[in-house]
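The values are calculated or read from the model by the stated rules, or taken from the named source; none is laboratory data. The model shown is predicted, which means the values in this text are computed figures rather than measured ones. Ideal geometry is used to build each Cβ from the backbone, glycine not excepted, and the neighbour counts take in all protein chains shown. These area figures cover heavy atoms from the full protein model, side chains too; ligands, DNA and RNA do not enter into them. Shrake-Rupley method; radii C 1.70, N 1.55, O 1.52, S 1.80 Å.
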Amino acid sequence: VQLQASGGGLVQAGGSLRLSCAVSGRPFANYNMGWFRQAPGKEREFVAAISWSGGLTYYADSVKGRFSISKDDAKNTLYLQMNSLKPEDTAFYYCAATLATSGTYRRHYEYDYWGQGTQVTVSS
């Protein structure tokens, strides 16, 4: 399975970005998917996750109400819509996939496949 994240960039505080993660190699619809981020000098942290069916979504408290995760099975693509961005959202953002059918989906070690990441920088 290969994951390719894109859509990062430089944006002013209060602005929006939409990240995409293109998945190839195996049926996309079978995977539970997640987004994580890592800022310099900090540990990788959970941002959002979505179940394989799209029926369940999970968010870190820090992004709840501002970010929205979704998936398009026809396009084999995962999305993260980020609104009301803050300077503290600045980080490298990674998409990840897992076939696991149980778990919190909030821990990086629960995921088997990772994309290369895309940089998001929010200026104040």
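When N is the residue count of the chain, what does its C-alpha Rg come to as a fraction of 2.2 N^0.38 Å?
0.97
Please give, to one decimal in nm, the separation of the simple spin-label points placed at residue 30 and residue 42, each 7 Å out from Cα toward the Cβ.
Once both label points are built, they end up 3.5 nm from each other.
Whole-Hz Karplus ³J(HN,Hα) for region 79-90, in order, using 6.51 cos²θ - 1.76 cosθ + 1.60 and θ = phi - 60°, x for Gly and Pro?
Each residue's phi maps through the Karplus curve to give 10, 9, 8, 10, 10, 6, 5, 10, x, 6, 7, 4 Hz.
Might you tell me the accessible area per residue for the chain, computed with a 1.4 Å probe and given in Å²?
Averaged over the residues of the chain, the accessible area is 50 Å².
How do 116-123, 12-19 rank on mean C-beta neighbours within 10 Å, highest first?
For the peptides 116-123, 12-19, the packing ranking is 116-123, 12-19.
Have a look at the DSSP beta bridges in the chain and tell me what percent are antiparallel, nearest 5.
Given both bridge residues lie in the chain, the antiparallel proportion sits at roughly 90 percent.
Sticking to Cα atoms, compute the Rg of region 1-52 to one decimal and its Dmax as the biggest Cα-Cα distance, whole number, in Å.
Here Rg and the maximum Cα pair distance are 13.2, 37 Å.
How big is the accessible area of residue 67 in square angstrom, nearest 10, if you roll a 1.4 angstrom probe over the protein chains?
10 Å²
Could you calculate the contour length gain from residue 74 to residue 104, that is, 0.36 nm times the residue separation minus the distance between their Cα atoms, to one decimal place in nm? Please report the intermediate quantities before stating the final value.
Values: separation 30, 0.36 × 30 = 10.80 nm, distance 2.59 nm.
That pair, residue 74 and residue 104, stretches by 8.2 nm at full extension.
Can you give the Rg to Rh ratio of region 26-70, both from alpha-carbon atoms, with Rh computed by the Kirkwood formula? Intermediate values should be presented prior to the final figure.
Values: Rg = 11.9 Å, Rh = 11.5 Å.
Result: Rg/Rh = 1.04.
Could you run the Karplus curve 6.51 cos²θ - 1.76 cosθ + 1.60 with θ = phi - 60° over region 4-16 and give me ³J(HN,Hα) per residue in whole Hz, x for Gly and Pro?
Computed from phi, the couplings for region 4-16 are 10, 8, 7, x, x, x, 9, 9, 7, 4, x, x, 10 Hz.
Please report, as a whole percent, how much of the solvent-accessible surface of the chain comes from carbon and sulfur atoms (probe radius 1.4 Å).
Heavy-atom surface of the chain belonging to carbon and sulfur, 1.4 Å probe: 48 percent.
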